[in-house]
Each structure stands twice: as structure tokens, then as C-alpha cells.
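J.: Here you go, one structure.
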Amino acid sequence: MKKILGITLSLAVWGALLMMQGTPAIDATIAEEAVIAAHPDAIVCEAEQVGHKFTVAYVDSHLNRGEVTIADDGHIVAEN
């Protein structure tokens, strides 16, 4: 009985610690790094927060411009 209670208590504490840790919030720097990871030859011009999303403007090595919108959870929402 003590063993089951100990396991249950340790799982509850472990779960609470994981919930407190959470996922880091995305910021402009992380949004820029995500664009560079998707477009290695790109130079980031500007990263702007629009509501809960980030819009990152970039120029690639062929001088083509683009814009990527990244949600606050890190997913790419739109790419132009």
C-alpha cells in the first residue's frame, strides 16, 4: 500500500513540475531563427509582433523578398 501511495504521490509531483515548467514563449529572436532555418540564404529585415503572431520580413540571396507569419506557439501560419 505504501508503495502504491509513493508512486502516486511522485507522479503527481512530477506532473505538477512539468506543468509549472511549461513551454517558453516565442519572441522576435526565435521567430527570426525559424525563418533562417527555413530559408538559410535569407537575411532578416524586420520581425514585428502583430497580436499573438510574429511577422518576419526577409530578403534571400536572389533579392526576392518574402514575409512569414509565425503563431505564438511556433507554427508557420502564412508565407508570402
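The values are calculated or read from the model by the stated rules, or taken from the named source; none is laboratory data. Just so we're clear, the structure is a prediction, and the values are computed from it rather than from any experiment. Every residue, glycine among them, receives a Cβ derived from its backbone with ideal geometry; neighbour counts consider all protein chains shown. The accessibility values were calculated without ligands, DNA or RNA, using every heavy atom of the protein model including side chains. Shrake-Rupley method; radii C 1.70, N 1.55, O 1.52, S 1.80 Å.
J.: Does residue 32 meet the test of being of a type in the set (Asp, Glu), open to solvent by 100 Å² or more (accessible area, probe 1.4 Å) and in contact with a strand residue (DSSP E or B) (Cβ under 6 Å, 6 or more places away or on another chain)?
T.: no
J.: Within segment 45-66, track down each residue that is surrounded by 15 or more Cβ atoms within 10 Å (Cβ to Cβ) and more than 17 Å from residue 25 (Cα to Cα).
T.: Correct list: 57, 58, 59, 66.
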